[in-house]
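Undergrad: So that we are looking at the same thing, I have put the structure below in structure tokens.
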Amino acid sequence: EEMNVKIKDLQDIEGKLMETREKIKDAEIKKEKATAKLAEIQNRAATASPEEKAEMDDLVRQAQEQSQIADQQLNQAKESEKNDLAKKEQLENELENMKSQMQAKMQAGGE
């Protein structure tokens, strides 16, 4: 009974890991786009006329914010993946121990 619960938990974690890996991929793409946009705006800002300077500074600031947000999302997704992997490993170990105990009981009972 307890083993079935652990197997279900393991399946849930594996599903969660797949979702988390998708989030990591999405966050990496967002980060790349934000970084490229920031570089492009910084290049434009470097050659901006004095009239455009304030607008460009504002665009640079917005692009930096987007880049930081993408960074945070990526870090959160990676942290979540790390935690899920640790849980998965713990569950696998617990299941392995349960199997060993069952086999030991069966052998002891069979002799």
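The values are calculated or read from the model by the stated rules, or taken from the named source; none is laboratory data. In this text, all values refer to a predicted model and were calculated from it rather than measured experimentally. Please note: Cβ atoms are built from the backbone with ideal geometry, for glycine as well, and neighbour counts cover all protein chains shown. The accessibility values were calculated without ligands, DNA or RNA, using every heavy atom of the protein model including side chains. Shrake-Rupley method; radii C 1.70, N 1.55, O 1.52, S 1.80 Å.
Undergrad: Mind counting the residues in region 33-60 that are exposed (fewer than 15 other Cβ atoms within 10 Å of the Cβ), under 22 Å from LYS23 (Cβ atoms) and not aliphatic (A, V, I, L, M)?
TA: From region 33-60, those exposed (fewer than 15 other Cβ atoms within 10 Å of the Cβ) are 33, 36, 39-40, 42-44, 46-47, 49-55, 57-58; that's our starting set.
Next, only the ones that are under 22 Å from LYS23 (Cβ atoms) stay: 33, 36.
With the extra rule that they be not aliphatic (A, V, I, L, M), the set shrinks to 33.
Result for region 33-60: 1.
Undergrad: Looking at ALA63, is it of a type in the set (A, V, I, L, M, F, W, C), more than 14 Å from the chain's Cα centre (by Cα) and exposed (fewer than 14 other Cβ atoms within 10 Å of the Cβ)? If you could, list the steps in order and put the result at the bottom.
TA: On the way: of a type in the set (A, V, I, L, M, F, W, C): yes; more than 14 Å from the chain's Cα centre (by Cα): yes; exposed (fewer than 14 other Cβ atoms within 10 Å of the Cβ): no.
It is false that ALA63 is of a type in the set (A, V, I, L, M, F, W, C), more than 14 Å from the chain's Cα centre (by Cα) and exposed (fewer than 14 other Cβ atoms within 10 Å of the Cβ).
Undergrad: Follow-up. Open to solvent by 70 Å² or more (accessible area, probe 1.4 Å), charged (D, E, K, R) and at pLDDT 95 or above: does that describe GLU111?
TA: Values: open to solvent by 70 Å² or more (accessible area, probe 1.4 Å): yes; charged (D, E, K, R): yes; at pLDDT 95 or above: no.
So GLU111 fails the test.
Residue-wise test of (1) open to solvent by 80 Å² or more (accessible area, probe 1.4 Å); (2) among the aliphatic types (A, V, I, L, M); (3) not in a helix (DSSP H, G or I).
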| site | (1), (2), (3) |
| --- | --- |
| MET3 | no, yes, no |
| GLY15 | no, no, no |
| THR20 | no, no, no |
| ASN75 | yes, no, no |
| LYS82 | yes, no, no |
| GLN90 | yes, no, no |
